[in-house]
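A.B. asks: Before I ask anything, let me first share the structure, which is written out below as structure tokens.
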Amino acid sequence: MTREEMLDRLDDRKEPWDMVLIGGGATGVGAALDAAARGYDVLLLEQSDFGKGTSSRSTKLVHGGVRYLQQGNVSLVMEALKERGIMRQNAPHLVHDLAFVVPNYTWWEAPFYGVGMKVYDLLAGRYGFGASRLLSPEETVARIPTIQTEGLRGGVVYYDGQFDDARMLISLVRTAAEQGACLINYCRVEGLLRNSSDFVDGVLALDVESGREYEIRARVVLNCTGAFSDEVRRMDDPQAEALIAPSTGVHIVLDKSFLPGETAIMVPRTTDGRVLFAIPWHDCVVVGTTDNPVDQAVLEPIPTAEEVDFILENAHDYLKRPPTVKDVRSVFSGIRPLVKASEDGNTAKLSRDHTISISRSGLVTMAGGKWTTYRHMAEDLVNHAETLADLDPRPCVTRSLSIHGFHKNASKFGELAPYGSDAPTLSRLFRAEAGCDELLHPRLQVRVGEVVWAARTEMARTVDDFLARRTRALIMDARSASEAAPAVARILARELGRDEAWQQEQVRDFQALAAAYLPGS
């Protein structure tokens with residue numbers, strides 16, 4: 001799968017596409033996969049890289065949503081729990097079970113949260129990941145040796161899922177391509193086309209790399225741009241009222257020593273009423289998140305010192321060794337595309353359920369939702385789109401469609417486990433080409449051959465694409481990723497035919513980006 005092949009397909013297309021999707025995050029790629037698997041001719045255009053925005057910046061959980069259960073949104077929880085099971089079934093190389101402990105420090109927490117988690121188990125039904133139960137103080141410490149023991153009365157253990165969001169997205173891109181979809185990154189939609197009846201029937205697009213412009217016709221256009229949905233909606237109607245209430249979700253990344261073992265911590269209520277997670281992920285610990293409204297969505301939101309301090313202060317109450325700013329290996333922020341629903345400004349209260357909006361001119365917008373329900377959202381969106389486009393209806397097949405790399409025992413591939421069934425081929429590349437088996441950086445478990453693989457098979461075009469999304473080096477260790485940037489630029493330049501000036505610009509841009517992932521920089 002290469003970008004050049006996708007552009008050739010776009011050049012060769014003479015007839016209108018059945019569907020053109022704008023946005024290469026979980027919503028857009030999920031819908032492209034669903035539509036292509038039904039047999040429709042599908043084109044997806046992404047202004048930057050796949051998953052550049054929200055879809056690579058989640059809490060790395062595949063979950064029903066304990067907080068939504070607290071809010072009384074039982075239907076969303078049941079849907080998410082079902083989809084959680086389907087994700088594990090279809091992508092076992094990327095989704096796995098994870099135990100969570102809710103530590104108890106007051107007498108009422110054990111019965112209160114114990115009953116709540118039993119309801120969570122009940123709602124999951126046959127899609128359950130494991131039965132919850134109460135833990136003694138000794139059992140709680142055995143699972144989480146670094147837990148704050150002063151006043152500890154025990155805990156409640158329950159089970160949810162964990163995944164690598166950006167790797168999942170790239171695997172979905174490859175699955176969609178295998179099903180016949182055409183997906184192009186760095187191709188920005190700059191306007192909408194209309195037919196004689198004033199209905200949207202295509203897009204104006206710009207290939208960011210070459211500067212070439214395209215007029216692309218379609219039977220229906222789907223706006224799947226998440227936090228940027230209103231920008232596309234105003235291409236259609238400059239007076240359109242805002243649909244999105246964006247908020248930032250910040251996470252910090254710590255060394256594994258702060259949470260050794262394979263059990264996560266779930267704090268059911270922080271000082272602002274949110275849930276806080278501390279989860280083992282790869283060789284580090286992800287702690288978050290915040291939920292603060294922002295005026296405008298941007299591709300690279302910058303975490304504030306106050307957001308970082310908030311997470312550190314709340315973690316302080318639950319970890320025996322309180323983390324400080326100096327312990328933070330990376331801090332990352334994503335923009336949640338929440339649907340406007342309240343006037344009090346509290347985005348934590350907004351539903352994560354999805355909404356489909358169809359304008360008078362036929363532009364279809366998908367807003368809201370969450371990673372865990374991406375497949376169901378896609379099914380709903382394509383059902384609407386096929387009706388609007390007057391396409392012959394075809395059944396959704398993604399409920400049992402394996403995701404690229406499917407492998408039930410991928411853990412045997414060690415550090416290459418996220419590649420699933422591609423891992424043996426990647427290992428052969430390491431052996432076949434000189435230098436490919438070498439580490440990029442002594443503190444990163446990333447090999448030179450992975451850069452080659454990403455350029456040849458995963459449409460990686462920049463240093464940021466590779467270090468932030470094809471691997472997770474940037475969010476696991478921003479300083480080491482910055483130091484690895486020159487080597488990545490050299491390899492990509494060789495693979496993509498770029499010159500020395502391009503390399504220097506890539507290193508400069510990435511190191512400036514990485515500096516923003518280090519608190520206090």
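A.B. asks: Per residue, how much accessible surface does segment 26-148 expose to a 1.4 Å probe? Answer in Å², no decimals.
C.D. replies: About 35 Å² of surface per residue is accessible.
A.B. asks: To continue, here is another question. Beyond 30 Å between alpha-carbons counts as too far, so tell me which of 60/118; 52/82; 14/408; 14/60; 256/370 fall in that bin.
C.D. replies: The answer is 14/408; 14/60.
A.B. asks: Quick one: which of 469-482, 114-127, 88-101 comes out on top by average Cβ neighbours within 10 Å, and what's the full order, highest first?
C.D. replies: Packing proxy ranking, top to bottom: 469-482, 88-101, 114-127.
A.B. asks: Further, regarding this structure: Relative to the present Cα-Cα distance, how much length would full extension add between residue 188 and residue 13 at 0.36 nm per residue of separation?
C.D. replies: Result for the pair: 61.2 nm of gain on full extension.
A.B. asks: Given 0.36 nm per residue, what is the gain on full extension from residue 392 to residue 197 after removing their alpha carbon distance, in nm? Don't skip to the answer; put the middle values down first.
C.D. replies: On the way: separation 195, 0.36 × 195 = 70.20 nm, distance 2.21 nm.
Once the chain is fully extended between residue 392 and residue 197, it gains 68.0 nm.
A.B. asks: Once you sort the root eigenvalues of the Cα gyration tensor of segment 433-482 as a ≥ b ≥ c, which label holds: rounded (a/c under 1.5), prolate (a/b larger than b/c) or oblate (the other case)?
C.D. replies: Taking the square roots of the gyration eigenvalues as a ≥ b ≥ c, segment 433-482 is oblate.
A.B. asks: 7 Å from Cα along Cα→Cβ at both residue 384 and residue 242: what's the point-to-point distance in nm?
C.D. replies: 2.1
A.B. asks: Taking Cα pairs under 8 Å and at least six residues apart, what relative contact order does the chain come out at, in percent? Don't jump to the answer; show the numbers that get you there.
C.D. replies: On the way: 1096 pairs, mean separation 96.9, N = 521.
Rounded, it is 19 percent for the chain.
A.B. asks: Once R0 is set to 35 Å, what does the formula 1/(1 + (r/R0)^6) return for the Cβ-Cβ distance between residue 408 and residue 105, expressed as a FRET efficiency to the nearest 0.05?
C.D. replies: 0.30
A.B. asks: Same structure, new question: Karplus couplings for segment 233-247 from phi (6.51 cos²θ - 1.76 cosθ + 1.60, θ = phi - 60°), rounded to Hz, Gly and Pro as x?
C.D. replies: Taking θ as phi minus 60°, the curve returns 4, 7, 5, 7, 9, x, 9, 4, 6, 4, 9, 9, 10, x, 9 Hz for segment 233-247.
A.B. asks: In whole angstrom, how far apart do the alpha carbon centroids of segment 368-422 and segment 84-115 sit?
C.D. replies: About 23 Å separates the Cα centre of segment 368-422 from the one of segment 84-115.
A.B. asks: Moving on. Carbon and sulfur: what percent of the chain's accessible surface (1.4 Å probe)?
C.D. replies: It is 50 percent, rounded to a whole number.
A.B. asks: Along Cα→Cβ, 7 Å out, is where each label goes; now give me the distance between the ones at residue 300 and residue 515 in nm to one decimal.
C.D. replies: 1.0
A.B. asks: Return the sequence-ordered ³J(HN,Hα) values of segment 409-416 in whole Hz as given by the Karplus equation 6.51 cos²θ - 1.76 cosθ + 1.60 applied to θ = phi - 60°, using x for Gly and Pro.
C.D. replies: 10, 5, 4, 5, 8, x, 5, 8
A.B. asks: Next question, about the same structure. What net charge do the residues around residue 116 carry, taking every other residue with its C-beta under 14 Å from that of residue 116, with Lys and Arg at +1 and Asp and Glu at -1?
C.D. replies: Charge balance in the 14 Å sphere: +1.
The values are calculated or read from the model by the stated rules, or taken from the named source; none is laboratory data. The model shown is predicted, which means the values in this text are computed figures rather than measured ones. Heads up, the Cβs are rebuilt from the backbone with ideal geometry, glycines too, and the neighbour counts pull from every protein chain shown. Please note that ligands, DNA and RNA were not included when accessible areas were found on the heavy atoms of the full protein model with its side chains. Shrake-Rupley method; radii C 1.70, N 1.55, O 1.52, S 1.80 Å.
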